[in-house]
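Enquirer: The following block contains the structure, expressed as structure tokens.
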Amino acid sequence: MRRRKALDFRDLAGLKARGYIRESTERQADKWGPAEQRRAQERFATEWDLRFDGHYYTDLISGRSTLKRSDFKRMIADADASEFRVLLVYDTSRFARNELDAYTYENELHRLGITVVYVMERIISSNAETAAIKGMHHVMNAEYSRKLSLHIEDGLREKYEAGYANGHCPFGWFRGPDQRTIRPVPSEAATVLKLSQMYASGAWSLKDLAAWVNSQPAHPTRDGLPWNKQRLSDVLFNPVHDGLVVWHPGEEDEESKPGEHAEHRIRPPHLTAELARVRKDRTSSARPSSARRVYTYSGILACVTCGSKLWGSTNKQGAPRMTHPTNGCPDPSFHVLRKWDVEVEAKIASAISLPVTWRAQVMAQLRTSDRPADTAERRGKIERELERIRSLYKIEDDYTERAYLQDRRRLTEELAALGETEAPREFEDAAKLLGDFPRLWRGSSENTRRALLSTIFEEIGIRRNKVVRVSPRPRYLELVTLAMLEGLRTGGGYCGRGERT
């Protein structure tokens, strides 16, 4: 049997060559490694008269696997297309740190007629005479990578135990000079808090929230690219914002604990709990209809005959409507959304008119009521409700935070001039929202309308396709009562019988 002649570097003269460069991370790529790899490959090509076309395949990722090395895959595809004949690699560790991958892809390139040259070790991969030496390099590279991985794992565990956040610094935070501690970036932290409040209200999907935030110049991404559902999910559900550090997130051995940044947390505990609740509810519920994902009255309209709540669907023509569950109720109440828009406009939006003396009347109502004193739990609920109210102020571009603060100052001065006792702050905020309800309702999208209704009302009762009852949330009970009584007095259209009012 005739023995195959081993290749010599002189046999490569005149062949078209390209280079492959790899560094484990982008930070390493910012240093001298890639430049040194390029220079070594160019020197070798000049020394042995290869036709080097200056094309480099570059990956900035670990060499333990080829699965995520995009340029490595492109190099294999170009080799299959016979775009070059020689692949220059700085050394065996740059090609792969996994011996199985190294042998597999060397053989694949050999099959395609490509010669792989490891420049620094002066090895031609297809030569039998250097196979043992090359194999030793591949095994040592893999062993080094495995040991390094264990050392890194130990270091990261120590960092976690000390309360420091591992991984890249997330949106909303920056690393201190010691590269271990993290602190909030004020502008980004404001964006995290705003998005969290809006999503926790339950009125915004990730898709709708992305569309809204991309229209707000005050809330840009860190890299200037648009917000999308994945980016929002990374921000909304990152436990770092809650003052936690996490070990192996999403894996079976996941752990979490308060981090060194806990006192600088962006989200308060009650907001974290609301986010978790909304996320759980949406995970366990069916996806809405793709024909119309936003139904203003879903979960709010309720049949007073059987107690069932109506949900959004479409009729045979594709028009959105509210659907009564099929449960034998004699009052099915099927109607397209336009019908309910007219009903709510006539019975609720047109009827709301808060009197000028609302503070005095609310305070009198509170003084004569037999409500128990506020507890810590009640204060927590009020704070959560206030966060929801504030999340609505910036939904309307025409009503800025500055205007809101000016209005509050004006109302406070007006109250002082009248000599009245100032109503609690939650009533000030609730009254502002309720006073703006008719204007916001008539000029807003379905998203905003749903947010308004779910914030103020627990339920809107219907019978025979008419609104006959409204059930405000406890924080709005006195104000909605006053507003609707004032609307009736001044000629408003509400004629129903309210359980709460």
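The values are calculated or read from the model by the stated rules, or taken from the named source; none is laboratory data. Values in this document were obtained by computation on a predicted structure and should not be read as measured data. Here Cβ is always computed from backbone atoms with ideal geometry, including for glycine, and neighbour counts include all displayed protein chains. To get the accessible areas, we keep the full protein, side chains included, count just its heavy atoms, and leave off ligands, DNA and RNA. Shrake-Rupley method; radii C 1.70, N 1.55, O 1.52, S 1.80 Å.
Enquirer: Return a single number: how many Lys pairs in the range 109-261, at a sequence separation of 8 or more or on separate chains, have alpha-carbon atoms below 18 angstrom apart.
Expert: The number of close lysine pairs in the range 109-261 is 4.
Enquirer: With every protein chain left in place, what is the accessible area per residue of the range 197-317 in square angstrom, probe 1.4 Å?
Expert: Spelled out: the 1.4 Å probe surface of the range 197-317, per residue, equals 54 Å².
Enquirer: Also, quick follow-up: Filter the trypsin sites (Lys or Arg not before Pro) in the range 73-136 to those in DSSP coil with at most 15 other Cβ atoms within 10 Å of their Cβ, and list the result.
Expert: Sites meeting the loop and neighbour criteria: 122.
Enquirer: Under 1.5 on a/c is rounded, so check that first for the range 160-289, then, if it is not, pick prolate when a/b is larger than b/c and oblate when it is not; a ≥ b ≥ c are the square roots of the alpha carbon gyration tensor eigenvalues.
Expert: Verdict is oblate for the range 160-289.
Enquirer: Just read off the accessible area of residue 16 with the full protein assembly in place, 1.4 Å probe, to the nearest 10 Å².
Expert: 60 Å²
Enquirer: Would you pull out the residues with amide H under 5 Å of residue 123's amide H, same chain only if 5 or more places away, H placed 1.01 Å from N?
Expert: Those qualifying (amide H under 5 Å, at least 5 residues apart or on another chain) are 118.
Enquirer: Taking amide H positions as placed 1.01 Å from N in the peptide plane, with prolines and chain starts having none, which residues 5 or more places from residue 468, or on another chain, fall under 5 Å of its amide H?
Expert: 461, 462, 463
Enquirer: Now for a different question. Alpha carbon centre of the range 224-264 versus the range 73-135: separation in Å?
Expert: Rounded to whole Å, the Cα centres lie 41 Å apart.
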